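Enquirer: Here it is, the structure in full.
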Amino acid sequence: MNYIIGAFKPACSISVTFSDGKSRKQVALKKENGQTVMVPLFQSQETISGKISVEPVSGKKVEHNGIKVELLGQIEMYFDRGNFYDFTSLVRELDVPGEIYERKTFPFEFSTVEMPYETYNGVNVRLRYVLKVTISRGYAGSIVQYQDFVVRNYSPPPSINNSIKMEVGIEDCLHIEFEYNKSKYHLKDVIIGKIYFLLVRIKIKNMDLEIRRRESTGSGSNTHVETETLAKFELMDGAPVRGESIPIRLFLSPYELTPTYRNINNKFSVKYYLNLVLVDEEDRRYFKQQEITMYRLGETSEATL
């Protein structure tokens with residue numbers, strides 16, 4: 001019985017160490033099993049290097065047909081779970097076929113890697129980057145180890161950032177004008193604006209501003225759209241009068257936002273909207289939705305704003 005249990009134990013342990021692992025920023029990543037782990041943070045065009053150690057179980061040797069490490073960028077649709085689409089695939093051969101009797105360490109390097117898309121965990125899709133170490137064996141089955149890391153890409157402030165100004169209403173009942181100071185916001189930004197009431201002939205009970213995220217996956221008849229309300233901010237409680245102006249000041253930093261993603265590898269998109277909601281005393285809802293663009297500003301840029 002002890003022999004049978006031991007037969008299913010891995011013949012060796014594999015560990016991945018990044019060259020600058022101690023100095024590089026670590027961020028939280030939620031795994032499939034719900035656990036959160038800290039992994040290194042990279043951005044596109046960086047070099048990813050380090051060492052991979054293979055250590056056989058005490059007193060045993062590992063026969064193999066070669067050892068390799070792959071850097072993979074993958075997209076997984078949750079309605080097609082288990083099938084990964086690789087948009088980045090780089091390989092480094094670490095060892096030729098042979099035997100390992102004791103701990104052996106292999107250096108690896110992927111220089112200036114093109115990683116155009118950010119790590120993303122959504123409702124119906126996830127985009128991930130991993131290092132995949134494979135010890136190829138024949139009848140015994142290959143030994144595989146995965147090491148996740150996170151990619152975030154930064155954008156400079158847009159050269160043109162127009163304000164949003166719109167008039168909405170119901171004929172002879174309600175006429176309001178709303179204005180937001182910008183149409184493009186970084187993830188730690190502040191939305192500043194105002195709501196101006198030109199005509200009020202219905203009894204409004206309250207008014208909220210919502211931040212909504214819309215995730216679209218697939219294409220054609222297989223398109224899946226999920227809308228989440230990430231924030232709900234009360235602008236007004238009570239009935240406004242004609243000529244009244246309500247200020248808006250909404251800080252974005254408390255919310256888990258991502259940049260706007262448009263048609264990532266023809267697989268998915270993520271868009272953000274400001275949704276203005278008015279509720280009257282009969283609980284009828286009136287709303288106006290406006291798309292905004294989100295972008296990730298470099299940390300040094302944020303500090304200077």
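Enquirer: Where only protein heavy atoms count, and the probe is 1.4 Å, what is the accessible area per residue for the range 164-304 in Å²?
Expert: Heavy-atom SASA per residue in the range 164-304 reads 53 Å².
Enquirer: Then there is this: Quickly work out the Lys31-to-Arg103 label distance, labels modelled 7 Å from Cα along the C-beta direction, and quote it in nm with one decimal.
Expert: Result: 2.2 nm between the two label points.
Enquirer: What net charge do the residues around Met38 carry, taking every other residue with its C-beta under 14 Å from that of Met38, with Lys and Arg at +1 and Asp and Glu at -1?
Expert: With Lys, Arg at +1 and Asp, Glu at -1, the neighbours total +4.
Enquirer: Using alpha carbon centroids, what distance separates the range 244-261 and the range 23-59, in Å?
Expert: Answer, in whole Å: 32.
Enquirer: Rg(Cα) of the chain divided by 2.2 N^0.38 Å?
Expert: 1.35
Enquirer: Also, quick follow-up: Rolling a 1.4 Å sphere over the protein heavy atoms, what is the accessible area per residue of the range 2-151, to the nearest Å²?
Expert: For the range 2-151, the solvent-accessible area averages 56 Å² per residue.
Enquirer: Taking 25 °C and 0.890 mPa s as the conditions, I'd like the Stokes-Einstein D for the range 64-183 in µm²/s, using the Kirkwood hydrodynamic radius from alpha carbon pairs.
Expert: The Stokes-Einstein estimate is 129 µm²/s.
Enquirer: If you don't mind, there's one more thing I want to ask. Could you tell me which residue out of Gly82, Ser245, Cys173 lies farthest along the dipole of the chain toward its positive end? Charges go on the beta carbon: Lys and Arg +1, Asp and Glu -1, centred on the Cα centre.
Expert: Farthest towards the positive pole: Gly82.
Enquirer: Using a 1.4 Å probe over the heavy atoms of the protein chains, calculate the carbon and sulfur portion of the accessible area of the chain as a whole percent.
Expert: Carbon and sulfur: 47 percent of the exposed surface of the chain.
Enquirer: Then there is this: With a cap of 13 neighbouring Cβ atoms within 10 Å, and only residues DSSP puts in a loop, list the trypsin sites (Lys or Arg not before Pro) found in the range 204-305.
Expert: Hits after loop and neighbour filter: Arg242, Arg284.
Enquirer: If you don't mind, there's one more thing I want to ask. Farthest toward the dipole's positive end in the chain, which of Thr258, Thr229, Phe106, given Cβ charges of +1 (Lys, Arg) and -1 (Asp, Glu) about the Cα centre?
Expert: In the chain, that residue is Phe106.
Enquirer: What value, in deg cm²/dmol to 500, does the helix sum -39500 (n - 2.57) over DSSP H runs of n ≥ 4 give at 222 nm once divided by the residues of the chain?
Expert: -1000 deg cm²/dmol
Enquirer: Which of these, Glu99, Glu171, Glu63, has the largest mean-square fluctuation under a Gaussian network model of the chain (Cα springs below 10 Å)?
Expert: Glu171
Enquirer: Kindly write out, for the range 180-192 in residue order, the coupling ³J(HN,Hα) from the Karplus curve 6.51 cos²θ - 1.76 cosθ + 1.60 (θ = phi - 60°), rounded to whole Hz, with x marking Gly and Pro.
Expert: 10, 5, 9, 10, 10, 10, 7, 5, 10, 7, 10, 8, 10
The values are calculated or read from the model by the stated rules, or taken from the named source; none is laboratory data. Quantities reported herein were computed from a predicted structural model and do not represent experimental measurements. Here Cβ is always computed from backbone atoms with ideal geometry, including for glycine, and neighbour counts include all displayed protein chains. Calculation scope for accessible area: heavy atoms of the full protein, side chains included, ligands and nucleic acids excluded. Shrake-Rupley method; radii C 1.70, N 1.55, O 1.52, S 1.80 Å.
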